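Peer 1: Questions regarding the structure given below will be posed in turn.
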Amino acid sequence: MTEERIAALAIEFIAFCYQRRAVGWPQLYDEMCYVAGNRLYKGLGYEELKEAGLDFTLSGLARTSRVTAEVTRSIRREAALAS
């Protein structure tokens with residue numbers, strides 16, 4: 001997978017989870033864990049998402065939180081412009 005595809009997959013996963021449950025951190029983290037644990041997004045689980053740049057472990061949580069904040073901020077901004 002290319003770096004661009006990996007980034008796109010991570011962004012798509014976060015957006016999917018946010019659409020399912022539009023909440024802030026850490027509730028969104030819980031939703032992301034639920035979705036990954038049950039492979040509800042394109043059959044992807046924790047390992048596949050880690051390869052895509054989303055690490056749900058304690059050591060990777062700060063980065064995952066930052067990426068999630070950027071994605072959800074963008075989604076909210078787009079929604080505000082559309083209304």
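The values are calculated or read from the model by the stated rules, or taken from the named source; none is laboratory data. It should be emphasised that the depicted structure is a prediction, and the values quoted were computed from it without experimental measurement. Here the Cβ is made from the backbone with ideal geometry for all residues, glycine too, and neighbour counts use every protein chain on show.
Peer 1: Could you list, in sequence order, all residues of the stretch 39-55 that are farther than 16 Å from residue 20 by Cβ, surrounded by 12 or more Cβ atoms within 10 Å (Cβ to Cβ) and either at pLDDT below 95 or more than 13 Å from the chain's Cα centre (by Cα) (or both)?
Peer 2: Within the stretch 39-55, 48, 50, 51, 52, 53, 55 meet the criteria.
Peer 1: Let me ask you something else. Can you confirm whether the stretch 30-39 contains a residue that is touching a helix residue (DSSP H, G or I) at 6+ places or on another chain (Cβ under 7 Å), among the acidic types (Asp, Glu) and in a helix (DSSP H, G or I)?
Peer 2: yes
Peer 1: When you scan the stretch 41-68, how many residues do you find that are over 17 Å from residue 15 (Cβ atoms) and of a type in the set (Lys, Arg)?
Peer 2: 2
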